[in-house]
1. Given 137, 147, 109, which one is surrounded by fewer than 19 Cβ atoms within 10 Å (Cβ to Cβ), within 15 Å of the chain's Cα centre (by Cα) and either touching a residue at least 24 places away in the same chain (Cβ under 8 Å) or within 14 Å of the ligand (Cβ to nearest atom) (or both)?
2. Can you tell me which of 127, 167 is among the hydrophobic types (A, V, I, L, M, F, W, C), in contact (Cβ under 8 Å) with a residue 12 or more places away in the chain and in contact with a Leu (Cβ under 8 Å, 6 or more places away or on another chain)?
3. Determine whether residue 104 is among the aliphatic types (A, V, I, L, M), away from the ligand (no atom under 16 Å from the Cβ) and in contact with a strand residue (DSSP E or B) (Cβ under 7 Å, 6 or more places away or on another chain).
4. How many residues are away from the ligand (no atom under 16 Å from the Cβ), within 18 Å of the chain's Cα centre (by Cα) and touching a residue at least 60 places away in the same chain (Cβ under 8 Å) when one looks only at region 41-74?
5. Would you point out which residue out of 191, 92 is of a type in the set (S, T, N, Q), within 24 Å of residue 72 (Cβ to Cβ), in contact (Cβ under 8 Å) with a residue 40 or more places away in the chain and in contact with a strand residue (DSSP E or B) (Cβ under 8 Å, 6 or more places away or on another chain)?
6. Just to be sure, is residue 138 within 24 Å of residue 56 (Cα to Cα) and part of a loop (DSSP other than H, G, I, E, B)?
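Rule-based calculations on the coordinates, nothing more; no lab input. Since this is a predicted model, take the numbers as computed values, not measurements. Cβ atoms come from the backbone with ideal geometry, glycine included; neighbour counts cover every protein chain shown.
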Amino acid sequence: MKPSLPPPPAISLPPPETTGGMPVMSALKLRISSRSFSPRPLTDAMLSRLLWAANGINRPETGQRTAPSACNWQEVDLYVIREDGAYRYDPQKHRLIGVVAGDLRPAAGVQAFVAKAPVVLAFVADLARMRGADADGRSFYPPCDTGYVSANVYLFCASEGLATVALVSVDKPALQKRLGLPVDQVVTLTQPVGYPADPKN
Ligand SMILES: Cc1cc2nc3c(=O)[nH]c(=O)nc-3n(C[C@H](O)[C@H](O)[C@H](O)COP(=O)(O)O)c2cc1C
């Protein structure tokens with residue numbers, strides 16, 4: 001058995017630039033699913049803005065987020081899967097915490113383009129945070145709250161000229177295992193993000 005590598009070190013992201021971007025109506029006009037990615041990496045500054053827009057803290061006084069969540073459970077975590085490893089986004093410190101070494105992108109979607117995107121976001125619902133939820137709530141709210149985060153990603157990408165697509169064609173239990181997640185932290189969706197592929201290539 002191969003010895004497992006230690007997780008990659010944490011990455012401090014630059015503070016997100018939270019001004020600018022397109023008017024929301026213009027971004028809605030451009031919102032689209034794209035399945036063709038350039039290998040060009042996202043800069044830390046772009047990743048910082050992407051993660052903040054997706055599910056960062058927009059009200060530091062309460063710790064509340066850019067995406068709503070049922071009962072403010074904030075049960076959806078974002079994992080950033082790149083060639084150099086997988087990371088969990090820590091919105092409080094606006095940093096990436098190394099989780100697993102190695103390239104897990106091929107495990108983040110069954111379609112071939114997924115492994116070509118420089119970043120694949122994985123949405124993980126931590127069911128343990130949903131205090132008081134009944135069985136119906138535990139099955140309904142995580143995908144619902146994931147959808148709000150995913151929609152933020154779509155709109156941010158439209159505004160920035162980035163390509164993205166939400167994916168359910170994922171072996172979610174296998175990805176959960178590769179990320180080393182316990183049984184009550186479940187993958188709900190993945191979403192590659194990157195620059196659009198050059199049509200000439
Ligand atoms: C929850 C969800 C899951 C999706 N899963 C996949 C997928 O696994 N593979 C894929 O290629 N597209 C997937 N899509 C993208 C849809 O196919 C796409 O949104 C639809 O064709 C409409 O195109 P548009 O987003 O450009 O309007 C998914 C979209 C959503 C909202």
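1. Working: 137 fails: within 15 Å of the chain's Cα centre (by Cα); 109 fails: surrounded by fewer than 19 Cβ atoms within 10 Å (Cβ to Cβ).
Exactly one residue qualifies, and that residue is 147.
2. Details: 127 fails: in contact with a Leu (Cβ under 8 Å, 6 or more places away or on another chain).
On inspection, the qualifying residue turns out to be 167.
3. On the way: among the aliphatic types (A, V, I, L, M): yes; away from the ligand (no atom under 16 Å from the Cβ): yes; in contact with a strand residue (DSSP E or B) (Cβ under 7 Å, 6 or more places away or on another chain): yes.
Judged against the criteria, residue 104 is a match.
4. Here is the first cut: in region 41-74, the ones away from the ligand (no atom under 16 Å from the Cβ) are 41-53, 55-66, 68-74.
The next check asks that each one be within 18 Å of the chain's Cα centre (by Cα); those that pass are 41-53, 55-58, 64-66, 68-69, 73-74.
Okay, now just the ones that are also touching a residue at least 60 places away in the same chain (Cβ under 8 Å), so 41-42, 46-47, 49-50, 53, 55, 66, 68-69, 73.
Qualifying residue count, region 41-74: 12.
5. Details: 92 fails: in contact (Cβ under 8 Å) with a residue 40 or more places away in the chain.
Result of the check over 191, 92: 191.
6. Values: within 24 Å of residue 56 (Cα to Cα): yes; part of a loop (DSSP other than H, G, I, E, B): no.
In short, no.
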